[in-house]
Amino acid sequence: MRERSRALFGGAQYRLEIGAAIADGDGVICIKDLAQELGDPPGMGSVNTELKVLERASLLVRAPRERGERRVYLLRQPSAYWQLCQELRNASTARRVVRRNARR
């Protein structure tokens with residue numbers, strides 16, 4: 001999946017992985033929680049970088065901050081992009097299973 005992401009997005013190897021995780025969720029994204037869910041790699045820095053790109057593309061928007069809240073939350077915006085990320089992840093997973101079974 002990371003190779004495909006790199007090929008599609010010019011070196012952004014985690015973009016599809018992060019997009020699929022966002023698509024799977026409830027639409028409210030916390031940078032810290034998402035980084036923790038995905039592990040390392042990609043890690044906090046890479047997740048933050050990708051979320052900024054998705055925000056610039058208007059696929060995510062910042063949620064208003066509650067008074068005293070330190071965490072930044074982003075809201076997923078409707079787009080076919082999210083479904084694409086899930087489909088490409090699922091295709092990558094299926095391809096891995098087929099290869100693994102062929103080696104047996």
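Laid out as a table, the results:
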item	result
Heavy atoms of ASP40 accessible to a 1.4 Å probe, total area in Å² rounded to 10	140
Volume of the Cα convex hull of segment 6-56, divided per residue and given in Å³	73
Solvent-accessible area of LEU59 with every protein chain in place, 1.4 Å probe, in Å² to the nearest 10	30
Under the Karplus curve 6.51 cos²θ - 1.76 cosθ + 1.60, θ = phi - 60°, whole-Hz ³J(HN,Hα) for segment 14-20, x wherever Gly or Pro sits	9, 4, 5, 4, 5, x, 5
Per residue value of the accessible surface for segment 1-102 (all protein chains in place, 1.4 Å probe), Å²	62
Extreme residue, positive dipole direction of the chain, given options GLY11, VAL53, SER79 (C-beta unit charges)	GLY11
Under 5 Å, built H, 5+ apart or other chain: amide partners of TYR73	ALA63
Cα gyration tensor, segment 33-72 - rounded (a/c under 1.5), prolate or oblate	oblate
GLU3-ARG67 FRET efficiency (beta carbon distance; Förster radius 41 Å; 0.05 resolution)	0.40
Net charge, ARG76 excluded, C-beta distance under 14 Å - Lys, Arg +1, Asp, Glu -1	-4
Compactness index (Cα Rg / 2.2 N^0.38 Å), the chain	1.16
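The values are calculated or read from the model by the stated rules, or taken from the named source; none is laboratory data. This one's a predicted model, so the numbers in the text were calculated from it and none came from an experiment. Counting neighbours? That spans all protein chains shown, and the Cβs are built from the backbone with ideal geometry, glycine included. Surface accessibility is based on the protein's heavy atoms, side chains included, excluding ligands, DNA and RNA. Shrake-Rupley method; radii C 1.70, N 1.55, O 1.52, S 1.80 Å.
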